[in-house]
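In what follows, a single structure is set out as structure tokens and then discussed.
The values are calculated or read from the model by the stated rules, or taken from the named source; none is laboratory data. Being a predicted model, the structure only gives us computed values, none of them experimental. No Cβ is skipped: glycine too gets one built from the backbone with ideal geometry, and neighbour counts run over all protein chains shown. The protein model used for the area step is the full one, side chains on, heavy atoms only, and it has no ligands, DNA or RNA in it. Shrake-Rupley method; radii C 1.70, N 1.55, O 1.52, S 1.80 Å.
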Amino acid sequence: MSRRFTPKVVTANLLREGDVVYLTADDRWSPFHHEAELIEDEAHAQMRLLHANAQKLVVVGAYLADARPGPNGPEPTHFREVFRTRGPSNYPHGKQADLAN
Amino acid sequence: MYSYSDFDEAFVRARVAQFSQQVERRLDGSLTEDEFRPLRLMNGLYLQLHAYMLRVAIPYGSLSPRQMRQLAYIADTWDKGYGHFTTRQNIQFNWPKLPDVPAILSALADVQMHAIQTSGNCVRNVTADHFAGAAADEIADPRPYAELLRQWSTDHPEFQFLPRKFKIAITGSPNDRAVTKAHDIGLRMVRNAAGEPGFEVIVGGGLGRTPMIGVTVRDFLPEADLLPYVEAILSVYNALGRRDNKYKARIKITVHETGREAITEMIEARFAELRAQFGGADRKLLAEIREAFAPPAFRNAPTDAYDAFYKADPVFRAWADTNLTRHRNDQYAIVTISLKAHGQTPGDATSDQMRLIADLAERYGHSDLRISHEQNVILPHVHKSDLPALHAALVKAGLGTANVGLLSDIIACPGMDYCALATARSIPVAQELATHFEALKLEHEIGPLKIKISGCINACGHHHVGHIGILGLDRAGVENYQITLGGDGTEDAVIGEKTGPGFAYDEIVPAIERILRAYLDLRLEPSETFLQAFRRVGMEPFKAALYEAEGERNAA
Ligand code: HEM
Ligand code: SF4
């Protein structure tokens, strides 16, 4: 039996602004982790990463990050990715402020 | 203060123009990210966790009020109204947008500043004693030498692609406030038997994943030979340095693998060749540079008002006791403005604070400002009679914290709140340590203490040389903090020793409290500092306090 694949999302930073974004199933870049496409299959993950990396004028540094299903959509599993959904903990800057409500 | 020559000005403007075009070409797709990354890094532009980050050099930590105001203007116009001063005497802006960076660099060039060589495998911003030109214990002002090194290293064709980054620190005092022993080259001014000034040359210090204290390759280098000697070191390193392995590429590894004697011989041989070639041009340049660092016109006025105020006002007295340092002119003091208000981010200043500091430097400080590697701002020359008014103005702006050299005067790197390389957060740990001990009202009783925190093994927060060092790691997906004790960044530099297993995020502040309560119990007298006590008793009592108490609690 093959090892279970940990589900992934594709994430990157916007080229111009630097903001953290996530690739959605309908090929948008969303600022919200829960809107990301949760990828459960390794081959598909590689395809989606290639698709992301091809968008050289939109994003930089695309990579696959571990995630898990949640009630509102995919959730990050590692604390680094949790921080990336919010922004820094010392100021109300970044997403936690920009996207409040 | 040194002012750009026409050459400096033209060079910086040309670089801004080049980078502006490179950004344009990246944005229109003619450059890929792989092509663009090295170009942006050469101009101090990083991509961090949540945004880009621009690192701007503050050469040897010296800043004019006009430059400080421009940093405030940049923070307001293109960032979020603040800047972060770092242990390498740089300022980092955490939120610039890529299309705005050319305009920021142009605004920096307007005040003779830039972000060149703040990244990449080149000679980085030369750091210096932040009390340069003011300290009572100083042999000579190190800034002219630092400026000479800056001019020589900027765009030096031979040293743009070194095996790895290269950091030089210089101090003009025998008491080392510039952590020279943890730099690739450390220059510490000393006198020889004849009383002439020169440098002890220390090579191969560095922190990061393989921390090392530098070794002395020359006990006494006549100051006239500085540039050819430094070039000889760089030249030997450039040839020998390990380009095959990033983790072995720093000069500390070269020194370690080659051996002190062999490398010293090679440096001396190369020096003998180079010295003749320099032919005195560097001496002429140094003489010119020196004029730019002439001391200010010190005022001669009574200081009794200061003495009276010191006696009368306990808040002022507490601040004077911690934040003032002896000036070489008895009527003057060196003022350290703490950027470590309890609960705030170490090293951050808002644009309003920057403007106020610039105003105060003009009014009370002969228009001179410094950034210290300990992430504070210095007014190096303040007449004592002005101190009460200065203090009052600082207090109003939240800049009057009386904690320099105490527990809450913490160095912390950006950690996982900003840095893409981080394995854990460091800023909130610093904030909580400061507020916790403030609530306990213990920090004055504990006395002199240097806590330094890094968010990964790169050690940007200097944790190895903290009396208490804290290193944030990722242990199986959870933040975990390793403690080191007994580190020291002065002329007696020592790398701290690990205590043992690390502590979770919510256990780290209580763990530090156990260490410090143990210290309060075992010190011989209040004047025995934490570091002295550690050197006397060693690790065991602190280990016991850290881990036995934990065992009991778990058993309970
Ligand atoms: C936020 C982006 C930063 C990145 C990507 C970064 C990267 C690094 C890396 C990779 C090293 C290890 C070098 C080596 O061992 O070869 C290092 C060391 C260091 N950095 Fe940073 N750093 C950052 C921020 C800072 C800040 C904010 C400071 C000042 C507070 C700083 C000061 C230093 C110092 C003092 C060292 C250790 C001394 C040495 O080079 O051995 N860095 N940094
Ligand atoms: S020590 Fe690590 S986490 Fe901290 S700034 Fe340096 S690279 Fe980033």
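Annotations for the structure displayed:
- Three-way shape call for region A:8-98 based on the alpha-carbon gyration tensor, with the a/c threshold at 1.5: oblate
- Dipole of the protein assembly as shown, positive end: most advanced residue of B:405, B:547, B:173 [Cβ charges, Cα centre]: B:547
- Each 5 Å bin, from zero up to the one with the longest distance, holds this percent of the alpha carbon pairs of region B:176-220: 6, 26, 26, 20, 12, 6, 2, 1, 0.
- Region B:47-125: relative contact order in percent, alpha carbon pairs under 8 Å with at least 6 residues between: 40
- Positions from region B:1-39 whose accessible area shrinks by 40 Å² or more when the full protein complex is built, not the chain alone, probe 1.4 Å: B:26, B:27
- Remark: region B:348-485 carries a charge dipole of roughly 140 debye about the Cα centre, counting +1 on each Lys and Arg Cβ and -1 on each Asp and Glu Cβ.
- Global form of chain B, assessed from the alpha-carbon gyration tensor, a/c cut-off 1.5: rounded
- Leading residue at positive end of dipole, chain B (Cβ point charges), from B:305, B:437, B:41: B:41
- Total accessible surface hidden between A and B, rounded to 100 Å², 1.4 Å probe: 2400
- Annotation for residue B:288 and residue B:156: the two label points, set 7 Å from Cα along the Cα-Cβ direction, are 1.9 nm apart.
- Helix-derived mean residue ellipticity, 222 nm - over chain B, DSSP H n ≥ 4, -39500 (n - 2.57), to 500: -12000 deg cm²/dmol
- Portion, in percent, of the accessible area of chain B that falls on carbon or sulfur, probe 1.4 Å: 52
- Cα gyration tensor shape for the protein assembly as shown, rounded if a/c is under 1.5, else prolate or oblate: rounded
- Under the convention that each Lys and Arg Cβ holds +1 and each Asp and Glu Cβ holds -1, the size of the dipole of region B:1-154 around its Cα centre is about 280 debye.
- At full extension, residue B:301 and residue B:492 could sit 65.0 nm farther apart than now, given 0.36 nm per residue minus the alpha carbon distance.
- Region B:202-260 and region B:378-447 have their alpha-carbon centroids 33 Å apart.
- Among the residues of A:52-59, the average count of other protein chain beta-carbon atoms within 10 Å of the residue beta-carbon is 2.
- Extended-chain gain in nm, criterion 0.36 nm per residue less alpha-carbon gap, residue B:247 and residue B:359: 35.8 nm
- Packing-based ranking, highest mean first, of B:110-120, B:502-512 given that Cβ atoms within 10 Å are counted: B:110-120, B:502-512
- The label point for residue B:136 and the one for residue B:24, both projected 7 Å from the Cα toward the Cβ, are 5.7 nm apart.
- Calculated FRET value between residue A:47 and residue A:78, using beta carbons and R₀ = 22 Å, to 0.05: 0.45
- Its relative contact order, with pairs defined as Cα atoms under 8 Å and 6+ residues apart, puts region B:295-357 at 18 percent.
- For region B:308-396, alpha-carbon Rg over 2.2 N^0.38 Å: 1.03
- Label-point separation in nm, residue B:540 to residue B:520, each point 7 Å along Cα→Cβ: 2.5
- Relative contact order %, region A:8-98, counting alpha carbon pairs below 8 Å whose residues are six or more apart: 29
- Size of electric dipole in region B:308-396: Cβ of Lys, Arg +1 and of Asp, Glu -1, about Cα centre, debye, nearest 20: 200
- Shielding by partners - mean other protein chain Cβ count within 10 Å, residues of A:79-90: 6
- Furthest towards positive pole of dipole, A:15, B:152, A:45, structure part the protein assembly as shown, Cβ charges: A:45
- Once the 1.4 Å probe is applied to the protein heavy atoms, region B:136-197 comes out at 31 Å² accessible per residue.
- Distance between region A:77-101 and region B:113-187 - C-alpha centres, whole angstrom: 36
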